[in-house]
Amino acid sequence: MALAGGMRASGAYALPLQRGEGAQGGWAMSAPLHAPAAAAAPLPADWRDFFALTKPRVMTLVIFTGLCGLLAAPGHVHPVIAFTAILCIAVGAGGAAALNQWWEADIDAGMKRTAKRPLPAGRMHRDSARDFGVGLSFAAVITMGLGVNWLCAAILAVSIVYYAVLYTIWLKPRTPQNIVIGGGAGAFPPLIGWVAVTGHVTLMPVLLFALIFMWTPPHFWSLALFVQTDYAKVGIPMLPVVAGEPATRRQILIYSILLLPLSLVPWWIGGAGAIYGWSAAVLSGLFLALAVRVGLRRRAPEDDSMKPEKQMFAYSVLYLFVIFAALVADRIWAGWK
Amino acid sequence: MSDGPEPVDIAAERRRIIAARNKVLALVLLGFVVLFFAITIAKMQH
């Protein structure tokens with residue numbers, strides 16, 4: 001393995017995509033290959049590269065919110081069916097992530113944060129990533145339909161198309177509001193988890209969907225504020241690039257203000273109890289406090305470490321984990337009473 | 001003595017990668033079979 005890693009890291013067999021050719025699926029060698037590797041065909045992709053295509057770190061959040069939706073839903077489902085639902089949510093998310101990286105290989109190559117992914121680093125052929133993404137997506141939807149229910153399968157299919165087509169292909173390169181609509185893709189897991197138990201869509205899972213939908217813009221834009229140079233370099237119209245920092249900070253604040261009452265609605269309508277209600281109030285209050293700090297701030301003329309923005313991004317991840325954990329704790333507590 | 005990259009047996013490396021991929025694929029397929037068996041039992045109980 002050390003051998004392969006060393007060879008791969010050195011770029012001896014790398015066939016990096018040339019910028020501008022990616023969307024058409026073209027491949028080109030950007031640099032002469034080192035001897036003696038130059039004479040050989042590139043190595044096949046390692047299974048770890050396929051695993052990396054599924055964006056495992058993003059998948060943990062998807063699995064967590066899906067599991068929380070499933071555990072918080074009223075009713076009971078067989079543990080095997082519950083496991084199948086979560087597995088299909090994870091595999092579906094992995095398939096969508098692979099399709100996202102297939103389409104954005106040339107963009108990823110231009111950004112420091114993503115340049116080492118399997119496709120831009122030249123460790124995998126582009127068609128393999130596409131086939132892998134399509135295969136995972138179909139397997140997840142079919143298994144969900146056969147094992148859980150077809151409403152879940154339909155929502156999962158919509159979420160994959162939403163992320164891979166609506167967000168990745170259509171919106172992301174076209175509008176600075178891409179994240180707002182694209183955030184919906186990440187909001188599906190708790191909805192699917194809930195429907196896996198109940199078999200139908202009600203107001204509560206829609207509220208959980210709305211919670212993640214409203215959380216995504218401040219979460220992502222706080223990240224985009226301190227990595228905006230990368231997005232600008234590859235021509236992605238992220239809000240800070242197109243509308244500027246002050247407008248982005250204003251938008252972060254607006255969405256954070258809206259998030260506070262929205263997070264409390266499940267409590268107000270009686271869909272969740274006091275554990276969730278108080279947790280949501282404290283968590284969303286702190287979220288808003290950090291957003292106010294980011295929203296009213298102006299970047300220092302030089303050597304700005306962007307600490308408030310980085311803190312807000314880190315907290316936003318923690319926020320989602322804790323608020324969904326509180327929802328589950330609330331349901332477990334209600335069951336004990 | 002040379003400071004250049006060490007010569008590498010490409011064919012052996014290719015075989016190693018493909019063998020590892022095949023093992024992972026076999027495990028995934030086995031997991032799939034076990035999963036559908038478990039789903040069938042769970043649905044029958046339900």
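The values are calculated or read from the model by the stated rules, or taken from the named source; none is laboratory data. Just so we're clear, the structure is a prediction, and the values are computed from it rather than from any experiment. Cβ sites come from the backbone with ideal geometry, for glycine too, and all protein chains shown count toward neighbours. What goes into the accessible areas is simple: the full protein's heavy atoms, side chains included, and nothing from ligands, DNA or RNA. Shrake-Rupley method; radii C 1.70, N 1.55, O 1.52, S 1.80 Å.
When the Gaussian network model of chain A links Cα atoms closer than 10 Å, the mean-square fluctuations of A:Ile269, A:Ile107, A:Ile86 top out at A:Ile269. Going from the isolated chain to the complete set of protein chains, region A:129-162 loses at least 20 Å² of heavy-atom accessible area (1.4 Å probe) at A:Thr143, A:Leu146, A:Gly147. Within the listed set A:Gly66, A:Gly184, A:Gly75, the residue fluctuating most in the Gaussian network model of chain A (springs between alpha-carbon atoms under 10 angstrom) is A:Gly75. What is the local net charge at A:Pro176, summed over the other residues whose Cβ is closer than 15 Å to its Cβ (Lys, Arg +1; Asp, Glu -1)? That works out to +3. Sequence-ordered 3J(HN,Hα) estimates for region B:30-43 from the Karplus curve with 6.51, -1.76 and 1.60 and θ = phi - 60° stand at 4, x, 4, 5, 4, 4, 5, 4, 5, 4, 4, 4, 4, 5 Hz, glycine and proline given as x.
Taken over region A:128-172, the ratio of Cα radius of gyration to 2.2 N^0.38 Å equals 1.21. Multiplying each eigenvalue of the alpha-carbon gyration tensor of the protein assembly as shown by 5 and taking the square root yields semi-axes of 38, 30, 16 Å, largest first, rounded to whole angstroms. Taken about its Cα centre, region A:82-200 carries a charge dipole of about 360 debye when Lys and Arg each add +1 at the Cβ and Asp and Glu each add -1 at the Cβ. Within the straight-line cut-off of under 25 Å between alpha carbons, the lysines reachable from A:Lys233 are A:Lys55, A:Lys112, A:Lys116, A:Lys172, A:Lys307, A:Lys310, sequence neighbours fewer than 8 places apart in one chain being disregarded. Helices that extend 20 Å or more along their long axis by alpha-carbon positions and average at least 1.0 on the Kyte-Doolittle scale are, among the DSSP H runs of chain A, A:56-72, A:79-103, A:203-226, A:274-295. Computed from Cα atoms alone, the Kirkwood hydrodynamic radius reported for region A:128-270 is 16.6 Å.
For the pair A:Phe321 and B:Gln45, label points projected 7 Å from Cα toward Cβ lie 3.2 nm apart.
In the protein assembly as shown, taking the dipole from charged Cβ atoms about the Cα centre, the farthest positive-side position among A:Ile169, A:Ile212, B:Ala38 is held by A:Ile212.
Counted by Cβ distance under 15 Å from A:Val77, the other residues give a net charge of +2, where Lys and Arg count +1 and Asp and Glu count -1.
Given +1 at the Cβ of Lys and Arg, -1 at the Cβ of Asp and Glu and no other charges, the dipole of chain A around its Cα centre is 460 debye to the nearest 20. Once the partner protein chains are put back, region A:67-89 shows a loss of at least 30 square angstrom of accessible area, versus the chain by itself, at A:His78, A:Val80, A:Ile81 (probe 1.4 Å, ligands and nucleic acids excluded). Please compute one quarter of the surface area of the Cα convex hull for region A:97-206 and express it in square nanometres. Hull-based average projected area comes out at 7.6 nm². Under a 1.4 Å probe, what is the accessible area of region A:114-229 per residue, stated in Å²? For region A:114-229, the per-residue accessible area is 35 Å².
Across peptide B:34-46, the mean count of Cβ atoms from other chains lying within 10 Å of each residue's own Cβ comes to 4.
Protein heavy-atom accessible surface, 1.4 Å probe, per residue over region A:254-321: 52 Å². In chain A, taking the dipole from charged Cβ atoms about the Cα centre, the farthest positive-side position among A:Gly295, A:Gly183, A:Leu260 is held by A:Gly295.
Using a 1.4 Å probe over protein heavy atoms, the accessible area lost on pairing A with B, summed over both chains, comes to approximately 1900 Å². Atom-type composition of the exposed protein surface of chain A places 70 percent of the accessible area on carbon and sulfur (1.4 angstrom probe). Reported to the nearest whole Å, the Cα centre-to-centre distance from region A:296-337 to region A:53-95 is 21. May I ask for the net charge around A:Leu166, where only other residues with Cβ less than 15 Å from the Cβ of A:Leu166 are counted and Lys, Arg are +1 while Asp, Glu are -1? Summing Lys and Arg as +1 and Asp and Glu as -1 gives +1.
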